[in-house]
Every structure is written in structure tokens, then in C-alpha cells.
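The values are calculated or read from the model by the stated rules, or taken from the named source; none is laboratory data. Keep in mind that what you see is a predicted model, and the values were worked out from it rather than measured. FYI the Cβ positions are ideal-geometry reconstructions off the backbone, even for glycines, and counts take in every protein chain you see. Heavy atoms of the whole protein, side chains included, go into the accessibility calculation; ligands, DNA and RNA do not. Shrake-Rupley method; radii C 1.70, N 1.55, O 1.52, S 1.80 Å.
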Amino acid sequence: MNFTHVRSTAFAAILICNAALSAAQSPVTKESVPGIVNFAHVETTVACAGATTPAALAEVKRMGYASVFNLRQASEAGADVDAEAAAAKAAGLNYVHLPFNAAAPDPMLVDNFLKAVTDPRNQPAFIHCASANRAAALWMIKRVEVDKWDVERASTEATALGLTNPALRSFVLDHIQAQKK
């Protein structure tokens, strides 16, 4: 076997591995959806978003989502938990309200999120908060703890979905590290 053939074969193998790795990544697609701030989705598995009006939930249903996860606290400006619950019910969506206090995250909320988001009846899931930070943070934890992704891969996806808050990123990384013990 000559050196040129070996080099060509190695180069082809590298290209194939890179293509497979790229295909394995879940590309995040951002869209403009009326009534939804920062809408981003990963294939048909999940969408993470910011503030969402109750009127937008009919469109969420038309897009094929089975559930809405609202991570906003009722006390947040612009949050209308009751109206959103009613709109989700009217649209035929499962509604899960998990008030996530970003200033003092509750590890029990993570457990409740993971249990609910992995329930087949809630898939695919539309997850939102006010900005998409909390939604992407919880999705990152799910990717590492449930889907067994490495932290770097999950972090890249979470950033694309809207995780930009350093304190929330620290919460996620601390939570993941604590689960390894």
C-alpha cells in the first residue's frame, strides 16, 4: 500500500467521522412565532422559548407539540399562569407549571421537570420561561442526565436554545456535578 493511498483513506475516514458527528448533533432552529419570544427548537423533540402569550398556544399545538411547560412564577411581570393554563387546555395541550425561581433554584424542581418531560404523553414538549434561559437550563440538565450527552455538547445546544445567564449555567453545572457523586 503506498503512502498516498493511506493518506487518502485516512482523509476520507476523517470526513466520514465529521459528517457522522455533525449529523448526530441536534441543530437548533430559531423561528419567529407571533406571541412567542426567542422561539428555538431541536428537530421535533423540544422547543424552548421566552415569554409566551396564551393566544400563541393554539399555534404551538398546530406545530405538533403535545405539552407546554411554563417555568414562570405567577408573580413575574407579564406572567398570566391561569390564562395560559386555560389556553393550553382549550388547545388540547398538556399543561405543566413548574415555577422556577432563577435567583434560588430548587433542585426538587429539576426532578419534577425530568419526570414530566420524559413522560411520553408530554412529547414533544414546548418549554418556556420569560427569556428562554431557564427553559434551556433545564433542557441541558435533561440532555446530560437522561440522554447521557457530555456537558460540552449539551452546553452548546443549551446556548443555542437561549442559555446565556452565567448564574443559571453555574446552577446547571453544579447540579450535574452533584448527580455524579
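Conditions: (1) open to solvent by less than 10 Å² (accessible area, probe 1.4 Å); (2) under 12 Å from the mean Cα position of the chain (by Cα). N133 meets all but one. Number of the miss?
Only one criterion in (1) open to solvent by less than 10 Å² (accessible area, probe 1.4 Å); (2) under 12 Å from the mean Cα position of the chain (by Cα) is unmet by N133, namely (1).
Conditions (1) in a loop (DSSP other than H, G, I, E, B); (2) over 19 Å from G162 (Cβ atoms), marked per residue:
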{"site": "N38", "(1), (2)": "yes, no"}
{"site": "K61", "(1), (2)": "no, yes"}
{"site": "G64", "(1), (2)": "yes, yes"}
{"site": "F69", "(1), (2)": "no, no"}
{"site": "R72", "(1), (2)": "yes, no"}
{"site": "A77", "(1), (2)": "yes, no"}
{"site": "K89", "(1), (2)": "no, yes"}
{"site": "Y95", "(1), (2)": "no, yes"}
{"site": "A102", "(1), (2)": "yes, no"}
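Out of the residues in the range 79-116 that are of a type in the set (D, E) and closer than 20 Å to E145 by Cβ, which is surrounded by the fewest Cβ atoms within 10 Å (Cβ to Cβ)?
D111
So that you can scan it fast, the table gives a plain yes or no per residue for (1) over 13 Å from L71 (Cα atoms); (2) not charged (D, E, K, R):
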{"site": "D111", "(1), (2)": "yes, no"}
{"site": "T118", "(1), (2)": "yes, yes"}
{"site": "N122", "(1), (2)": "yes, yes"}
{"site": "C129", "(1), (2)": "no, yes"}
{"site": "N133", "(1), (2)": "no, yes"}
{"site": "A137", "(1), (2)": "no, yes"}
{"site": "I141", "(1), (2)": "yes, yes"}
{"site": "V144", "(1), (2)": "yes, yes"}
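Scan the range 65-73 and tell me whether some residue there is over 20 Å from V33 (Cα atoms) and either open to solvent by 50 Å² or more (accessible area, probe 1.4 Å) or in contact with a Lys or Arg (Cβ under 6 Å, 6 or more places away or on another chain) (or both).
For the range 65-73, residues over 20 Å from V33 (Cα atoms) and either open to solvent by 50 Å² or more (accessible area, probe 1.4 Å) or in contact with a Lys or Arg (Cβ under 6 Å, 6 or more places away or on another chain) (or both): present.
Can you pull out every residue in the range 104-128 that is of a type in the set (A, V, I, L, M) and assigned to a helix (DSSP H, G or I)?
First, the residues of the range 104-128 that are of a type in the set (A, V, I, L, M): 104, 108-110, 114, 116-117, 125, 127.
Within the range 104-128, M108, L109, V110, L114, A116, V117 meet the criteria.
Give the residue that is nearest to G50 (Cα to Cα), with candidates limited to residues of the range 158-177 that are open to solvent by 40 Å² or more (accessible area, probe 1.4 Å) and assigned to a helix (DSSP H, G or I).
T159
Residues of the range 129-157 being assigned to a loop (DSSP other than H, G, I, E, B), on the phi < 0 side of the Ramachandran plot and out of contact with any Gly (no Cβ under 9 Å at 6 or more places or on another chain), which ones?
Of everything in the range 129-157, those that are assigned to a loop (DSSP other than H, G, I, E, B), on the phi < 0 side of the Ramachandran plot and out of contact with any Gly (no Cβ under 9 Å at 6 or more places or on another chain) turn out to be V146, D147, W149, D150.
Looking at (1) within 13 Å of the chain's Cα centre (by Cα); (2) surrounded by fewer than 18 Cβ atoms within 10 Å (Cβ to Cβ); (3) not hydroxyl-bearing (S, T, Y), can you tell me which one D119 breaks?
(1)
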